[in-house]
Structures are given as C-alpha cells and as structure tokens.
Amino acid sequence: MLQFLEFSVIGVASGSMYVLAALGFVIIFKSTNIFNFAMGEMMMFGAYLFFAATVQLQLGWPLGIVLALAGSILTAIAIERGLLQPLLGQPVIVLVLVTLGVGSMLRGIAGLIWGPDIVQLPDFLPRAPIFIGDLLVPGKLAWGCLAVGIIATLFILYYRFSRAGIAIRATSSDQLTAEGMGINIRRIFTLTWAIGGVLAACSGIVVGSLNGITPTLGLVALNVLAVVMLGGMTSVGGVVIAGIFIGWVETLVGAYLGAAWQAFMPYLIVLLVMTFKPAGLFGEQQIERI
Amino acid sequence: MQRLFDKMVTRAPDGGSAAAGLAAARPAPAPRSTTLFQVGGWLLLAAALIAFPATGSGYLLFMATLVAINVIATAGLNITVGYAGLLSIGHSAFIGVGAYVSTLMMIHLGTPLIVNLVFGGLAAFLVGLVFGAPSLRIKGVYLAIATLAAQYSLYFVFQQWTPVTGGDRGLSVPGVNMFGLGDKGLYYFVVGLMVVLLIVARNLFRTRVGRAFIALRERDYAAEVLGINVVRYKLLAFALGAAYAGVAGSLLAVFLRIVNPDQFTLLASVFFLAAVVVGGQASILGSILGAAFMTLMPEILREVLEIFGPRGTADVAGILSPLREFIFGALIVGFLVFEPRGLAGLVDRLRAGGRKD
Amino acid sequence: MSTKLRSAVFAGALGASAFLMGAAPATAQDIKFSLQLPLTGPIAFTGQLNQAGWQHAIDWINKNGGVKGRKLDPYIYDSEYKVDVGIAGWKKAIASGDMAFSIGDGTPFIRAVSPENNDRHKILMSNTGYASDLVDTKKYPYHILIGPTYSDQIDMLYKYIKDKQGTGPAPKVALVYTATEFGRDPLEHAKMRAKDLGLNIVAEEETKWSGIDVTPHVIKLRNAAPDYVIFHGYAGNLWPEILKLSREYGIKAEFMGTVYGSQADLVKGVGPAADGFLGVAPYEMNVAGNNGWAMKAIDAALKGWGKPYDGYTNVGYIQGWVLAIYLRDVIAKAIDMGKPLNGDNLITAAKELKNWDSGGMIGVPVTTVNQRLPYGMIYRFSVTKDSFSFKPAANWIKVE
C-alpha cells in the first residue's frame, strides 16, 4: 500500500510534466483549429536554446530562461507568420502536414547544431530530496512539478482575465463574431502561437532538466496527444487534470507491467477515448459526427 | 439520390472538377487525355525498366527494387491522403503488418510469395479497418491521431509478441528465387506488380468508388447530400491505402530478408508522407516521382557531401542524418506552400511550357 | 521563371543520380573492404568514434608496411543504423569489386545480409555490436565477433560477484536494462546463468530507452535491496539518473555495467555518484603508460588528433583499431598459407591464428572461441568532484 502511494505521488508529479505542453497544444488548437504536431519539437528546441545559453555561452540560468523563451517565441511566430498564414483557408490536413514538416525541420536543425548525443541541462532545480512524511520525492521532480504549477496557474489567469486572453477566447468560440467586434483575428493567431511557444519552451526546460535532452525529445512528447485527447481537445482545465491522470497511470503501468507497456499505454487511452468518448472527458464543444 | 450522384460525377469532366470550385487550392488529378507523347514516354519507360538489370550492378538493382517497393507504398498512401483527403501518419505500421503476415506464412506454411502478399495486403486492410473505424466517424484530424496510435500499438505488438514475431530480433526471411533469376527475378516481379497496382489505382478513380473518394475529400456534407455513405467510403479509402502498404511490406520482407520492429517507426511513416507531398497528391505520376525522389535523395546527398565535404574524417559524419531530416521537413513544407501539386505538377507545367514553345 | 529554375534543380538531381553509376577503381594490389558504420542515427555516438579509430588504424598500418606490403583501401558508408540503407552500401561496395572483408553497423545488418552472404558472396564480416546470437557459427559462418558477447559480459560480472561472495549468503542481483533489442539481448542467459551459479535475481527492471521520469524504477530497486545492480543496454541515457537517484534513496549496492553504457567519459559525466562503479570492457582502456606496441600507436594517434585526450580511450574508437590490426594479421596469415582471400580461407586463417599478440589492446594472448574473442576486463572507477580515474578490478577474464 505504501508502495502504491509512493508510485502515485511520483506519478502525479511526473504527470504534471505533460501539462504545459498540453496547454500549448490546446490553446493553438482552440484559436486556430490547427493540430500542431510540431509541439514536441518546439519543446525540444526551447530546451536546446536554454542549453546553448547556459552551458555553451555560460550566461547563467535566469538569462538562459529569458533567451530560451524569446527564441521560442520567435520560432513560433516565424512558423505561424511564414508558413501557416499563407496557407489559411486550405484544408486542415494541409496545415497539419505543414506542422509535421516543421517538426522534422526542427529535429534536423537541432541535430545539425547540437549533435545526436544526450546533453544535460544545468542543475538549476535543486537535487535534494523532499520528504513527505515517510515518502521521498526526488528533488528535481518536486521542484519541476512546482514550477509547472506556477506557470500553469499564471497562464490560466492570463487566459481568463487579460484583454488578450479574452480576445483569444472570443475568437475560439466564434471567429466571425469576434472579427465583427473588431478583434484582429490574424494577430490573435500569432499571439496564440507565441503563447504556445512560451509554454513549449517552459515545458522543454523543465522536462529536459530531469533527464537530459536529445533531438528526439519531441517524439517522447507525443504522449501529450493522449493527454489532449483525454482532456478534450479544447478544454484548458481538462488537459491539466488529464495530464496528471495520464502521468499517474503511466507510472503505475511502468512500475507493475514494464516499459514496453508504459510506452504503449497513452495510445491505448487514445483509442479508448476515440471509441467511447470522442469529445474527451471535458470537451467543451460538440464533436461533429458524420 | 444515388443515381443522381452517379450521373453528376459521370458528367463531370475528369479531374474531379465537380468540386474544383469549392476548393481550388486542392490539387486536381492529372488529366486523362493520352497523347502520343505520353504513350511514347510510357513505352520508353517500360523498355528502360526491362533492360535495367543489364547494367549488371547489384547496387543499382537494389536501389531500383527499393524504389519500386516504395512506389507501391506511396501509391497506397496517396489513395488515403491525396485522393480521399484523410491524413494518415501511421503508414509504416501497415507496411509492417504486411511484412509480418507474409513472412509468417512463408515460414510456417511455405506458401508462394504471390499468395503471401495477397494475404499481407488483406491483413493490412483489415487492421486498417480496425483503427480507422472509431476515428472516421468523427470529423477533423482524428484519423491522424488514430493512425499515430496505430503506429505505436502495432509497434508494441511487433516487439512484444515474441513467440510469433520474434520480438526485437525480428524474423529472418527465407530467400525467394523468382523465375529462377535471383535478384533480377525479384526486381521484375516487384516492378511488374508495381505497374499492375498503379494501373488499378489509376482506374479506381474512374469508378464510382474513386469518384466518391474525391467527392468526400472536397466536402463531406456535399458528398453526403449526394448520397455517398461517407463513413463507409472513408473507411474504404483508408483501408485500401493500408492494403497497398501491406503488399509493399510483403515485398520489403523478402527483399531485405529481415523483418524487425525498428523498420516500422514513425519516422518511416513521415518519409512516405513526404513522398506523397513531394511527388504530388492525387497523382499516379506523383507517387512514382515522390517515392523515387525520396528514396534516391539521401544517396544523392551522400555523393554530394562526399564531393564537397572534407573526405574521410569523422568530423563530417554527424551531418547526413539530421540534414536529411531537415530536408524531408523542408520539402514537405516547401512543396505545400509553393507547389501543392508536387513534382507531378512541375512535370505538367514543364510539358505545357514545352508545347507553347 | 521560377518553374524553370525548379525544373533545372530537378534535372540536376537526376544528373547527380546518374553520377552514382561511376565507382573509383583501386589498384589490384590494395586490399579493399567496406565499413557500413552508423555515423548518424541513434547510435552515432559510437559509430563516429569507431570511424575515427578505423581511419587512424588504417593510416598507421599503411605507414608500417601495410598487409604484407599491400595497402588497406576502405570504402566507408554511413548506414544511419537502418537495415535497408546499410544493405544498399554493402551492395554498392560489392558491386565495385573484390572485397576482402566488410564491417556492418550492428547485429540487424548482419542478420539481414548473412543468408545472401553465406550463399553467394562469402565475404568475411564483422560488426560493431556484441549480440549474443552471433556466436551461432552455423547461421553466421563468415562472421567474426571482435570481443565477448553481451551474455559473456554478464558472465564476467557474475564471476566477479561469485569471487567476492566467498562463503557468504547468495548475492542478490538486480538487472536493469532497456526495452530494446540491445537491452534485452542477454536477459534470458543472465537469468539462467544466475540460477546455475546460485545468484538471487531480486529485480528485473525494464526501462524505456529515453524517458522523463525514472523514479519508479529506483523505488523498486530500493524495495528489492540488491547487493549488485547490473545496467545493460544503455549509452548515456537514463542509467546515470537511476544511479544518482539510487544513491539518494540510500540503496547500498555495487553498481556495474556492460560495454557501451560504462564508458569512461560517460561515467565521468555522472560525477561522484559513480564512485566505485564497475564496468566491463572488451579491450584495454587506459592508453597512456601502456607499453604494448599497438597501445603506443594509439596513444600517438590520439595525441595527434587534436581532440581533448586524458590518457584513456573509448570502446568505439579502440574497437576500430582492434578490428583493423586483427584483420591485418588474419589476412597476412591467409597470404602465408598461400590461399586466396575469400571468406572460407579467412575464417580458417582466423581460427588458425592462435595466441594472437594484440600489442596490448587485449591484455592476454588471444585465441578465438566460436568465432569470437571472448576476453574482457572489469574496471573500477574512482570519481570525486575533481578527480577521475579507473583501474582493473580483476585480471583479464576469458569466458569459456
């Protein structure tokens, strides 16, 4: 029982690692309807920018975070302005294909610049373990979880209460009306991608400091898809809960059934959700059935 | 209602322009009109394909056979993505299904390749139905996610079902000696099959089924109003693409003489998507050009790097694979943005330009 | 205009592909061979160093009399660790003429080409990996494995454990490995052998190749309370974090690893948590100060390379040297026997080459068993915040 509890605490903490990337996914999908398959690579790229600033240029981690975020925002805006806006009005699959292509490009660029080997981010999260009664939580995981909690809260507050957040929400619920109210839709699209970039970079830095980064870190992040599906593609609150839930299940499956099952489990959830509840657990809008 | 639709599409000129007004941006299938120029071109190509093994190089024969197998797989994905407008990012998993089924039949039943590959294709078709069924009832990019799930689920099965699939080590595939000609025989067989399957794909789009695919790509609702059972046709388009993959997989297995899970990864699926986009969506010529280009591009890149890069040092070694990944991505993005009709579109324009001169 | 430009590019690409048909001729005297190495892709970390080792060894051999006066002429091909790409390179090399031998990027490649090679080309093969099934000389009659298999390496660690046990209670061993072909390779053997030796396997932890959080594995290790933890199937991934966390969770075990995971530079990167770590190596890793003639050549090559060099080497790099010099001597033997350089004769020569002098790269005279070199060495690493060294924890081991 203690062991189960221990796994559960660890699982919830590691599930929080999915939350930021999943939020980035959802906000882009909500406002632009684009399913961004490059999210994992944006994560990876942000983590490498952080690596470049802190380890290669020795700028220290506060400045490293600022530079990584700035670089990630610029990358996201470049993708949106340079590639996606010209294709607006095209069928969704064209846009989704573009994000797949962009993901491949980012993987290639990271491989060309930083090579294929695993690199470690500086230990800016304290390593010292945290004790909750008899339970021990590894320091990095606990602090990473806390960082995620803070960033996610800030994001949700921004999304709920700021002018820009309200404009984004208005756009996602009804583009035509939003446009009629004088909201510049194109700017909103760019803004959501920029926010997606911020979330991706934060997520990449936190995840990467747990276990190092490689150019294929983004593929690991495909598990986030399961989170997004389960949470409902459009629900901000939903993916937070779904992320934690999937991290928990994944940890338990990994602990009791082994790694191969662990890798497969998120996709099993995807299939189950799709078959029985395509809107996800917290989906806001009706799924169109054919 | 059904008959009305039939009439409409038969009257519509070839190229699916019934829907062209709705989505001018979508690539239109190549025009059917066969000119003398075309016939001559195809004959020349046929002669080249038959005479090719006479070059005597095992390497060129290997690459040519690989291209032909990839053409079959790409043509399949083009049915799903190009014609029916459904995004599949798990194509290589269906290639894997074909490869395993065919190899297992070969090992345990000793049946000939031609039988095995029919069953390999059939198995991939059925597996495609299983994964397509839940997602295709829903509108949007759900199929893409379902195929991603198929990718990981099937990889899991290949890797974990050790008593049957040989697990991580995979299976060694017995050799086949087609027509008593060894590698050349396999080449002729693969190329012959490729031609047959391309003709089938081409003719499919002149039938009611094929036109239905195109109609539903252009607009689900319109197709439904026209009396097309949208879900059924979507499933069919997707599973048919998977079946082509299954056949390609069966061939790949006897060709490489090994089947293991690591051949069927997400990156391999992206390779075929790139082949479809680069070659030209909804185009037979596009499938050929795309598969050939994507298969040969790394080899060409390798030669170029060998000429221009510093030779023989470990320092340049890290470049090829990431560079290739970057180029794959850049090709997908570049063609979608600048030339949505792919290489086939370029060829068309080139030909049109030639006529004007 | 832009259309024309695009078609010009396309035509250029077609032209370049036609260029592939040409292959550079080599003098009849040279000994040609091909290296299909994983210079990019998932195991590029070892492939690139492997290539450097080969390159340096070939230069050295050619400068020092070649093979009976004949020069080594390699054809190097990046296989990206993909079977079809590797085979393409192999076919290309075969198409360009007689090859004395060919080195593959890994076991899947050998498994794929062996049927065809056995029937038709009969070329002597080797590869960069140490998979356990390669000692099946019926299936791989033309393959030489340049070291101990992964199963052999586990046996070496077991031998170390047994030697330390003395008359004490049965040691408790935990196996931690990746869910990959490489990781699972010695698993069955390891369990069977443990039973025979009276070792108690208390945990089998299968991890992903890369992942986010490894804590559950560490919790299970803590609960199993092993005396020894064996890592297998890793490169620089995951195991360092498992090791560090294990220390934090207060696990009092000796940690050990098999070849690729326990390289000096990786262990050094782990830091003080890796103090006392035990790693198996198929070759001598401390280069500086070794008096063997080959080790002196390697020392000189590493010094002249212009890369950071701390007096020790890496498995990928030295493997290139060992293979190059070993094959030089095998070919020389075949020439002495007056035989043409085909696979059958070279395998015979390799078997005849008894008590081979590796020039210090392997600490004892070498004789093949089942077409492999079943020798290995266990190193103990001393790591503190600002010092790093390693030395043999036992004598050279030969697995029978």
- Query: How much mean residue ellipticity at 222 nm does chain A get from its helices, if each DSSP H run of length 4 or more adds -39500 (n - 2.57) and you divide by all residues, to the nearest 500 deg cm²/dmol?
  - Reply: -23500 deg cm²/dmol
- Pairs from C:Lys307/C:Lys354; C:Lys139/C:Lys354; C:Lys296/C:Lys391; C:Lys138/C:Lys208 whose Cα-Cα separation, in the structure shown, is over 30 Å: C:Lys307/C:Lys354; C:Lys138/C:Lys208
- Pairs of Cα atoms under 8 Å, at least six residues apart: use those to get the relative contact order of chain C, whole percent. 16
- Item | Distance violations [Cα-Cα > 24 Å] among C:Lys268/C:Lys398; C:Lys191/C:Lys220; C:Lys191/C:Lys268; C:Lys71/C:Lys339 | C:Lys268/C:Lys398; C:Lys191/C:Lys268
- Which value, in nm² and rounded to one decimal, describes the direction-averaged projected area of the C-alpha convex hull of the protein assembly as shown? 42.8
- Kirkwood Rh in Å, taken over region A:127-175 so that all alpha-carbon pairs contribute: 13.0
- Message: Averaged over its residues, how many other protein chain Cβ atoms are within 10 Å of peptide C:35-42's Cβ atoms?
- Response: 5
- Got the relative contact order for region B:61-181 handy, in percent, Cα pairs under 8 Å and 6 or more residues apart? 26
- Among residues other than C:Gly69 whose Cβ falls under 14 Å from its Cβ, what is the net charge (Lys/Arg +1, Asp/Glu -1)? +2
- Item | Average beta-carbon neighbours from other chains, 10 Å sphere, peptide A:3-10 | 3
- Query: Longest segment of chain C with no chymotrypsin sites (Phe, Trp or Tyr not before Pro) in a DSSP loop having at most 16 other Cβ atoms within 10 Å?
  - Reply: C:1-248
- Averaged over residues of B:338-351, the number of beta carbons from other chains lying within 10 Å of each residue's Cβ is 2
- Expressed as a rounded percentage, what relative contact order does chain A have, with Cα pairs under 8 Å and six or more residues apart? 35
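Read-outs: derived from the displayed coordinates by stated rules, not from any lab. Since we're looking at a predicted model, the values are computed, not measured. When we count neighbours, we look across all protein chains shown, and the Cβ atoms used for this are built from the backbone with ideal geometry, even at glycine.
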